[in-house]
Every structure is written in structure tokens, then in C-alpha cells.
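Step one of this worksheet: look at the structure below.
The values are calculated or read from the model by the stated rules, or taken from the named source; none is laboratory data. All values derive from a computational prediction rather than experimental measurement. Every residue, glycine as well, gets a Cβ built from its backbone with ideal geometry; the counts of neighbours run over all protein chains shown. Just so you know, the surface numbers come from the protein's heavy atoms only, side chains and all, with ligands and any DNA or RNA stripped out. Shrake-Rupley method; radii C 1.70, N 1.55, O 1.52, S 1.80 Å.
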Amino acid sequence: MKLAQYRKMLSESESMILKQLAEADPEKILDNVDLITSLQSAKTTSEESNIKIEESVVLEKTIERVRNEYRSVAVRGSVLYFVIKDLNLIDPMYQYSLQYVQVMFNLAMRQAQSAEELQQRLSNLIDSITRVIFTNVCRGLFEQHKLIYSFLIAAQINRKANKISDGLWGSFLRGAGVIEKSKLPANPDKVLIGESSWELAAFLDLNFEVFKGLCQHIQKNMAAWKTYIQASDPLVVKLEEPYQSKLDEFEKMMIIKIFRSEKILFALSSYVEQNIGRFYLESPNTTMEILYNDSDVTTPIIFVLSQGADPTSQILKFAKERNFEENLAIISLGQGQGKIATKQINDATTTGGWVLLQNCHLARTFMPDLEKLVDDITAKKQTVNPSYRLFLTSMPASYFPVSILQNGIKLTTEPPRGLKANLKRSLQDISNEFLDTAAKPEIYHKLVMGLCYFHAIIQERKKFGPLGWNIKYEFNDSDLDTSKTVIKMLLGENDTVPWDAMLYVSGNINYGGRVTDDWDRRCLMTILRKFICNEVLDDNYVFCENNIYRIPEKNVVEEYIKYVESLPMTDDPAVFGMHENANITFQQRESDSILETILSIQPREGGGSSEKTPDQIVLELVKSIQDDLPPLLNKEESNKELWQINPEKNLIPSLSTVLLQELERFNILLSTMGRTLQGLAQAIEGIVVMSQELDSMYYSLMNNEVPKVWNKVGYLSLKGLASWIRDLKERVKFMSEWLVTGGPNCFWISGFFYPQGFLTGVLQTHARKTAIAIDNLVFSFKVQEFEKEQCSIKPVDGVFIYGLFLEGAQWKKKCLADLNFGQMSMLMPVIHFLPLQQDKYQSRSDNYSCPVYKTQTRAGVLSTTGQSTNYVLAVDLPTLDQPPDYWTLRGTALICALKE
């Protein structure tokens, strides 16, 4: 600033001299005393200014040099801010203003340990800034997002340092994309290496120098790679050379993604620990005392809620510790509570009281008023009583005031995770007095402990996804409390123990009232029968084969709590009735969820070679799909026998009607694809305007996802874009061959848009043939001992079908059997679907009624038939070694199409 002033003074002096010279009389210039005085003064000023300028230039360079030495600190702050800024795309409650981050940044600067050496000082500053900002933001994140936040910090630091290329980052999140078959080398082991996994390996081989020769190396050294692929913990197994030596940590994660994608969850943790430290994997310890000290009259404390969590007791306890109980006003927001809340806040700013506004998400219309109240308090903070505090609780809501979120202190509240934590929570509200007042106290003790187990198990089954429940249900403490009360009443009203009544009321009403899926209801009742049964009264009764989970012998709550404390922290899948492979399913779901969440907040950028722009990548992809798009299915080119009219019924065959319906659906999909692909290519080239539909499609193709406009007219599928395109071509090929040949010997049930329609067509064919009403027909099932390639003839009645995958079990020796470790599903042999008259078919009691779903999601929309749109039918499968309930708890089902 001083340098600018000196230069300005010099410039003004020069201008004044020039003006005086211009106005002076040339003949008397030497006699002009004022001019001479001005020149002498200007000379002195010029000399002084030049000296000052030289000194300032030296000082400016020194300042610039010192500033550049601290540039790394500023860069770290910038990286952290942009990571935090994107968090609101994950959850609307994750809002943080630049001002808030600056406050934390300055706080961290002051807290950083001093050092004599510059590099040590820089290291201390960077470490302090990263830790302080991480801690303050992390406490406001839900548990499922904390690892994402930590990983984004580590990854963005390395991306800024050019240790991770944009291309590799995109490939890590998006996968391989569509690859031409001609460029795809032969897969050396299709059992161990899935199709999409091998495509990713080939994509890396083709596009990144560090992975050149990867596919060839795997082909030549498959035995060594097999050891790595089958390792229980591939993170600790060394890769084959040269890849162990030449790949960095992120590049090694790409190898994990290829062969063991379910371990990405652990690979991310390892990456964070190795790059920025273990501190960033641990949730910061946050107490009410810390929150209170970090807040002030202008900074509300916001508790972000989740189902089953309530921080009110924490606030009440803290108020009691501070002797503030009398000065704490609690208002549960809802209709008509806005005016009361406003008055309480205004009063508290004067008296120094605390105000707790509960359930802000239920008072949407009050939120603008609340925002204005907080703004007004901020404007007059000098006059506000310093003891005043505002506490808010709310579920995530997009309409919660952004300004309050950005400048408030946030803390997430979540229910306990894990069987042990759930049991402890259920027992904390139970007393011996409550249990001993029952009519049959010894029995009631056992039943209540059994109910606590049941409640914890149905809560924790959710983590296994569709294997646990088709639909996620929000069971809560009120279900448990009601069941305890009803069972206590039933025990008092009956001389004998009313097992059936307790089962029905607890299972079908108290808990079952939340359950909307019939197969979930079957699972819930199966679980409950393990805990409400006569055997539970036996002291030696255990709930699973590992003998850990049982009811303590002594009927004392303190003994129950002591026993629960001794349980392992990690839940054994056996206690849920599930196979150890269920943990792999859980890990895969968590890993997929993390990558999908990170991908959802990324800007548009290339996912392959970083030399190409996003427009170039999408255009190439569009051309590739266009060139490979199957032609429309044409009825005119079909086998004429398909359309022969039955002279008696005057109708074409039922399955031909099904085929016509399928042709129409496939042609609509193919036409939509052709139209939108052409439109997108023209929009990218600037020929037409990029509509919202095309813009969404552009983004989907960039992310290796099936565009919504295709899904809208397509079939249910969970596949990524590349796998979906291959699957579509196979389906169209199946329909095309059916058109030409007049009907296959064996039908691919997974190839239909609407397999339920196909099965109805099979029943209708049999009804016409036998003159039995279709309503009186049901399917019987027989699993054959051959695959579809060996199916050389058609059955006399019914149809052979193939393409179903068994999940949660395997087919072995003509019955269901447990899966091998690491095996998630298996392709079923051909199954004969044979229609029979309803009164002539009786399912055996040892058969497992196995539901068939279109996709692994299992859940769907409730259709007009009362069934899920994802559900097809139930197939009876023999279970010789285990009872049907065993497979119910395993989550065993048949799936038409796997994700990969």
C-alpha cells in the first residue's frame, strides 16, 4: 500500500511541474521563483520517493517470498473447503458457509504448535487445520458418510498434488464403460473373474500406462492371481510383480475393485490411514459441554435426527448439570406452535434462558420465521443475554433454513448399531420390579429377554439388504414396549401360557403392522417363533448353533446386562439365521453405496483417458451404442406357424400373444434408444438444443449408468450401462430366434419384460388344451438334471425354463444346500413348469416355497394385483437336510437377473 502511495506522490509531483512549465512565460522562466522552488521541491520528493520505492520493492518481494512459503497451508484450506462444500449434495443438512470454514481455519492457525524451522511450522499448521476442520464437520455427519468424508479429504489432497490422475479417478468411480468386443482379451477364468471385472481390467490395460500388459500378465499367471483373488483379506496379500512394486496405494485399490469389489470398504479405510492418518477414521468424541463451549448467542446447536434417536435426554441432563432446568423451554413444533416458539425465543434472549425446538421438520411453514428470528438476534447480539442458547432438532429436510445450517453447530444422533448395542438399549428401560409384577414372573423374564433379542435381530437384519428384508422397515421402541405390555396382560388372563396368541399379537399386529411384504411377514414370524416358544423356558436353550446367544439362567436384569456386555462386538451372521457369506453381501452393499455417493457429487469430467473431453467421450460412446444397436423386431419376418388361428377357438396360440406383447415392448425401447442417441449426438454438436432429458442422458452415459429415459420404457434391471447393453442384445436375440424358429425348446424366463405374462400364457395354453378353467390351474415344479444346451425336446405339457439364479443357497444333490464360502449365487439347471389342476397338487411339507424376483433388489412397487412388481411367483424346492424355516432365515430366493 505504501509503495502505491509513493508512486502516486511521484506522479502528482511530475504532473504539477509539467503544468507549471506549460503555463510559465518562456522569456521569464529563469525569473520564475515559484517554478524554481517547485522544481527543487520535486527533486527532493523524487529522490525520497525513489528511495522509499526501492525499499518497498525489496519489502514486497520479501513478503511475496514468505507468502509463497505458506502457500501449501492455503492450498490445504482450499482443498478442505471444496470437499466440505460438496457435502450438501449428499444430505441437505450438510451445509457449511465459507465464513464458518474461515473461522475454523483461523482457530486452527492459532492452535497450531509453533516451531523454529519453517517446514516444521508448515507441517504443524497443515495438520492443525486439517484436524480442526475435520473434527468440527465430522460430528455433524451421519455414520455412513464419515468414511466418505475422510476418503474425499485424502483423495482430493492427492489429486491436488497430481498423485491421482483425473482419468483414473473417474474409472475408479464409474467403472469401465462400454468396450468393443474386438478389444477385449479372453477371460482366463470366467468363474473367478466376472464379465464386468474383466472388462475393467481390459479398460485399465488399454488406457493407463501403469496398467499396460495387465490382462496378459493375468492370463499367463492365473494360478498366482487366483491365490490373491481367493484370499480372505486381499489387502494384506502382496500383488504379483511388477505390480506390487510399481503401483501406488490408489492404483492398488483399482486391482481390489477388479477382483474383490466388496473389499473397497476396507481399502478406503486403509488408504485414509496410510495417507492422512488413523485419526481421520475415528469419530471425534463430542459432548454437550464441547458443543456448548463452541456455541454462542448467534450460533444455534442443531441435532440432526435419524429414526429411533432422540437427544432430548442429553439436553435435559446437561441442563441439570448446569442448574438450568428451570430456564430450559422445550417446544415440540407442529401446528400452532410457531407463535409460542417465537415468544419463548424472544423472552430467552432477554432472560438468558435456553430454548429447545423439537422436530423442526414438522413445521415447514415456521422455518422462514425461525430464520428471521436468528438473523435478528445476530444483528443485535450486543444486547442479547450471553447465557442464551438455541437448540434445534430436525430430521434431514431440504427446507430447513440454509443460513442456520451454515453457521450453526451440527451434531448427528443415531440409534445404536450392532446386536449388542441394541440389546443394551432395550434393557436400559427394564427393571426387576416391572418384570416381577407379572402373573408368571419367571416365564415373563424369559419372554421379555427373548423379545429384546427379537427386536435387536430384526433391526440389524436391515444391514444385509434384500437378504435381510425386501423392504426396510422402521421398527422402533414402541413396538417392543407394546409387545411387552400385551404379553404381560395375556399371561395374567390365562392359566396356561398362550403361545399362539402371543405369537399372533406380537408378530402380526405389533410388529407385523409395519410389514407390507408377504415374504417379509413370513420371515418376521419365522424369527419370532425362535423367541416365543416353549423351548425358551429351558435354561440350556440357545438361539443359534454357536451357543453364545442365549438367555441367562438368573432372572435378574443386572445379570442380563452383565451377560450382554460379554457378547462380541462383531455380530455372527448365524444369530440372524444367515450364512457367513451374508457378511460379503453387506460389505458389497456398503462399498457400492460409498462409490455411488461419491460419484453423485462429482462434476462432469472424463472417466477414461484424461486427454479426451467429456463431449468426446460421450460422442464416442453414443456412436458405439448406435453401431451395435439391434434392429427392430419385425413380425413380418417371423415363422408363420406362430400366428396360425385355432379353428375351434378362433384364436392364435397364447404364447404367440405373449410374444407380440414382448415385441411391442422391445421395439418401443429400441426406438427410444435410437431417437435419444441421435438427439444427444446432435445436441453435443450444437445442431439442436440440449433438452433436460438429453442433459440427464449425457450425465448417465458419463457415469456408465443406464439413462432414465431408457429405464422408463425398459425392463427392471440393476446392471451398469455396459452390462445392460449386452443383456439387451441377448434378450433381443432370444426374441428374434423365437420369431424365426417358432418357439424354443427351453424358454429364457429372464429375457422377458413381463415374465408373469409369459407364465399366464403357459397356464392359458394348458387350460385351452385340457378345458380346465385357468383359475383352477397351478404350477408344479421339477428341477431337471440338464442345462439348457442339452434341452433337445419340448415337454408334452408346460414349459422348460432356464436363466434363474439361486441366491442364499445352492442346488446340490437334487435339493437345497448351503453355499460354499465366497459363493453368492448359482445358476439353476433347467426347471420344468408343469400346470396341474389345483386340487390335484399338494406341496410337500418339507418343500421350501422359494420366491422368484426379477432383480436382486426384490422390492418393487405394489401393483394392482396386490403383489410387488418385482415379484414373479413362488417355486417349491425340496429341502431334505434342513427345514423350510432354515432357508427363510437365509433369505433364499430365485433371481431372474443379477446385477453383474
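Hey, what do the phi angles of the stretch 130-140 turn into as Karplus ³J(HN,Hα) couplings, whole Hz, using 6.51/-1.76/1.60 and θ = phi - 60°, x for Gly and Pro?
After applying 6.51 cos²θ - 1.76 cosθ + 1.60, I find 5, 5, 5, 5, 4, 4, 5, 7, 4, 5, x Hz.
Pull up all non-local amide H partners of residue 868: gap of 5 or more, or a different chain, and H-to-H distance under 5 Å with H placed in the peptide plane.
Amide H to amide H, under 5 Å and 5 or more residues apart or across chains, residue 868 pairs with 863.
Please compute the Kirkwood hydrodynamic radius over the stretch 530-602, one decimal place, Å, based on all pairs of different Cα atoms.
After inverting the mean inverse Cα-Cα distance, the result is 15.1 Å.
At a threshold of 8 angstrom on Cα-Cα distance, excluding pairs fewer than six apart, so keeping six or more, what relative contact order does the stretch 288-413 reach in percent?
Relative contact order here is 44 percent.
Compute the distance from the alpha-carbon center of the stretch 636-657 to that of the stretch 759-815, in whole Å.
Between the Cα centres of the stretch 636-657 and the stretch 759-815 lies a distance of 22 Å.
Taking N as the number of residues in the stretch 420-571, what is its alpha-carbon radius of gyration divided by 2.2 N^0.38 Å?
0.99
Let me make sure I get this right: for the stretch 746-899, a, b and c are the square roots of the gyration tensor eigenvalues over alpha carbons, sorted descending. Under 1.5 in a/c it's rounded, otherwise prolate if a/b > b/c, else oblate. Which is it?
Note, shape of the stretch 746-899 comes out rounded.
Treating the angle as unsigned and between 0 and 90°, give the value, to the nearest 10°, between the Cα long axis of helix 98-111 and the longest Cα principal axis of the chain.
70 degrees
Give me the 1.4 Å probe accessible area per residue for the stretch 631-737, excluding ligands and nucleic acids, in Å².
So the stretch 631-737 comes to 51 Å² accessible per residue, rounded to a whole number.
Which residues' amide hydrogens lie under 5 Å from the amide hydrogen of residue 302, considering only partners 5 or more residues apart or on another chain, with H built in the peptide plane?
It is 392, 409, 410, 411, by chain and number.
Which shape class applies to the stretch 288-413: rounded if a/c is under 1.5, otherwise prolate when a/b exceeds b/c and oblate if not, where a ≥ b ≥ c are the square roots of the Cα gyration tensor eigenvalues?
The shape class here is rounded.
Any idea what log10 I(q)/I(0) is at q = 0.15, 0.18, 0.19, 0.22 Å⁻¹ for the stretch 151-281, Debye with uniform C-alpha scatterers and no solvent?
So the normalised log intensities are -0.71, -1.03, -1.14, -1.50.
Given 5 Å bins starting at zero, what is the percent of C-alpha pairs of the stretch 714-779 in each, up to the one with the largest pair distance?
Bin by bin from 0 Å, the calculated values are 4, 14, 21, 19, 16, 12, 8, 4, 2, 0.
Calculate the FRET efficiency for residue 537 and residue 844 from the Cβ-Cβ distance with a Förster distance of 25 Å, rounded to the nearest 0.05.
Result of the calculation: an efficiency of 0.20.
Taking just the alpha-carbon atoms of the stretch 125-173, what radius of gyration and Dmax come out, in angstrom?
In Å, with Rg to one decimal and Dmax whole: 12.5, 33.
In whole Hz, what ³J(HN,Hα) sequence does the stretch 806-815 give by Karplus (6.51, -1.76, 1.60; θ = phi - 60°), x for Gly and Pro?
In residue order, the calculated couplings are 8, 10, x, 6, 10, 9, 8, 6, 6, 7 Hz.
Please work out the FRET efficiency for the pair residue 675 and residue 827, using the Cβ-Cβ distance as r and a Förster radius of 51 Å; give the result to the nearest 0.05.
So the FRET efficiency works out to roughly 0.90.
Average the reciprocal distances over every distinct pair of alpha-carbons in the stretch 106-206, invert the result, and give the Kirkwood radius in Å.
Over the stretch 106-206, the inverse of the mean reciprocal pair distance is 17.3 Å.
Taking amide H positions as placed in the peptide plane 1.01 Å from N, state which residues far from residue 651 in sequence (5 or more) or on other chains have amide H under 5 Å from it.
Residues meeting the criterion, in which the H sits 1.01 Å from N, are 646.
Label points 7 Å out from Cα along the Cβ direction at residue 769 and residue 556: separation in nm?
Here the answer is 7.2 nm between the modelled labels.
Between residue 372 and residue 224, what is the label-point separation in nm under the 7 Å Cα-to-beta-carbon projection?
Roughly 7.3 nm, to one decimal.
Do you know the relative contact order of the chain, to the nearest whole percent, from alpha carbon pairs under 8 angstrom that are 6+ apart?
10 percent
In whole Å, what is the distance between the alpha-carbon centres of the stretch 187-204 and the stretch 392-443?
45 Å
Taking all protein chains in place and a 1.4 Å probe, what share, in percent, of the accessible surface of the chain do carbon and sulfur account for?
50 percent
Could you give the Stokes-Einstein D for the chain in µm² per second, using the C-alpha Kirkwood radius, 25 °C, 0.890 mPa s?
Answer, rounded: 74 µm²/s.
What is the ratio of the Cα radius of gyration of the stretch 606-743 to 2.2 N^0.38 Å, with N the residue count, to two decimals?
So the Cα radius of gyration is 1.28 times the expected 2.2 N^0.38 Å.
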